[in-house]
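Step one of this worksheet: look at the structure below.
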Amino acid sequence: MSSSYVHGYGTSEVHRLQDQATTLVDLLHADTGYPAGAQVLEAGCGVGAQTVTLASRSPHAHFTSIDCSADSLVRARQTAATAGLTNVDFQQADIFDLPFARQSFDHVFVCFVLEHLARPLEALTALRGLLRPGGTITVVEGDHGSTYFHPDSDYARKAISCQVALQARAGGDATIGRRLFPLLVAAGFAMPHVSPRMVYVDASKPSLVDGFIRKTFTAMVEGVRAPAIDAGLLSPGDFDKGVAGLYRTAEPDGVFCYTFFKGSAVNT
């Protein structure tokens with residue numbers, strides 16, 4: 001791929017991805033399913049956090065899950081084996097150098113991948129070439145610009161901005177969710193449809209307070225502390241105030257909102 005993964009590949013990031021996937025299963029995957037016999041390409045499977053949900057919810061479809069990181073694939077295979085999945089094959093491959101023949105797949109699934117690419121349109125175009133006529137693509141991305149919360153905190157917003165800036169410097173776009181529709185159109189797909197998937201969290205949703213505010217979003221921002229400080233984006237003290245501000249929204253009077261975007265389209 002043409003950009004680095006700004007979150008890194010450490011154990012804490014693996015746990016964060018797994019927490020994120022578990023927390024967001026219904027929000028992101030309730031309407032994702034593939035028929036028996038379908039050949040599905042999961043492009044950018046990472047550590048297999050989304051793979052488990054996809055393959056278990058469509059047990060009679062066959063998944064080919066690829067990633068450019070060999071270390072991530074080791075984790076993905078372990079995750080799939082632990083889940084008892086038998087309908088997934090893992091393969092190391094780059095989205096920009098795909099080892100498959102044209103029209104090899106019935107469906108493509110891409111989740112939290114385009115945000116890390118310097119050339120997301122080129123990636124979508126390459127993936128469209130792998131789809132049979134009438135095949136579909138499903139794309140899920142977040143948008144850090146959609147974040148708002150109570151109590152508000154200038155420091156928290158600055159810490160989030162560090163994440164956005166670092167991802168941009170690495171060639172990615174942490175606000176790409178809002179761009180899914182024009183990207184799908186530009187890549188030549190037909191019938192694009194994009195729907196917002198808001199995560200709204202308050203004290204009446206304790207599983208989301210812990211699973212999303214603490215273990216997913218704040219953990220993600222906290223994970224870029226060192227590179228943000230090294231890049232001079234924020235002082236150590238101010239960054240820590242920002243993280244504290246995010247954790248503050250997990251208190252009984254706190255509220256947190258974030259929007260993901262899920263797009264689908266057809267190859268004609």
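Pick out, from segment 170-268, the helices (runs of 4 or more DSSP H) lying fully within it that include 2 or more residues that are hydrophobic (A, V, I, L, M, F, W, C) and over 20 Å from the mean Cα position of the chain (by Cα).
Result: 180-186, 225-230, 236-248.
Report yes if LEU17 is out of contact with any Leu (no Cβ under 9 Å at 6 or more places or on another chain), part of a helix (DSSP H, G or I), modelled with pLDDT under 55 and closer than 19 Å to SER56 by Cβ, otherwise no.
yes
Report whether or not VAL164 is without any contact (Cβ under 8 Å) to a residue 12 or more places away in the chain and either in contact with a Cys (Cβ under 6 Å, 6 or more places away or on another chain) or in a helix (DSSP H, G or I) (or both).
no
Could you please find all residues in segment 50-72 being over 19 Å from LEU98 (Cβ atoms), open to solvent by 20 Å² or more (accessible area, probe 1.4 Å) and of a type in the set (Gly, Ala, Ser)?
The answer is SER56, and nothing else.
Which of the residues belonging to segment 95-132 are in a strand (DSSP E or B) and in contact with a Ser or Thr (Cβ under 9 Å, 6 or more places away or on another chain)?
First, pick out the residues of segment 95-132 that are in a strand (DSSP E or B): 97, 105-111, 131-132.
PHE105, ASP106, HIS107, VAL108, PHE109, VAL110, CYS111, LEU131, ARG132, listed by residue number.
State all residues of segment 34-49 that are among the small types (Gly, Ala, Ser), at pLDDT 95 or above and open to solvent by 10 Å² or more (accessible area, probe 1.4 Å); if no residue qualifies, say none.
ALA36, GLY37, GLY44 - these are the residues of segment 34-49 that are among the small types (Gly, Ala, Ser), at pLDDT 95 or above and open to solvent by 10 Å² or more (accessible area, probe 1.4 Å).
If you take the residues of segment 133-156 that are under 16 Å from THR259 (Cβ atoms) and part of a helix (DSSP H, G or I), which of them is most open to solvent (accessible area, probe 1.4 Å)?
GLY145
Could you please let me know if ALA81 is closer than 16 Å to GLY188 by Cβ, in a helix (DSSP H, G or I), open to solvent by 10 Å² or more (accessible area, probe 1.4 Å) and among the small types (Gly, Ala, Ser)?
Taking the combined requirement at face value, the residue does not satisfy it.
Hey, could you check segment 93-125 for residues that are of a type in the set (Gly, Ala, Ser) and in contact with a strand residue (DSSP E or B) (Cβ under 9 Å, 6 or more places away or on another chain) and say which is surrounded by the fewest Cβ atoms within 10 Å (Cβ to Cβ)?
That would be SER104.
Please pick out the residue among ALA228, ALA165, ALA190 that is open to solvent by less than 50 Å² (accessible area, probe 1.4 Å) and touching a strand residue (DSSP E or B) at 6+ places or on another chain (Cβ under 7 Å). Write out each step before concluding.
Values: ALA228 fails: touching a strand residue (DSSP E or B) at 6+ places or on another chain (Cβ under 7 Å); ALA165 fails: touching a strand residue (DSSP E or B) at 6+ places or on another chain (Cβ under 7 Å).
Checking each option against the conditions leaves just ALA190.
The values are calculated or read from the model by the stated rules, or taken from the named source; none is laboratory data. Note that the structure is a prediction, hence the values are computed from the model and not measured. Glycine also receives a Cβ, built like all others from the backbone with ideal geometry; neighbour counts cover every protein chain displayed. Surface accessibility is based on the protein's heavy atoms, side chains included, excluding ligands, DNA and RNA. Shrake-Rupley method; radii C 1.70, N 1.55, O 1.52, S 1.80 Å.
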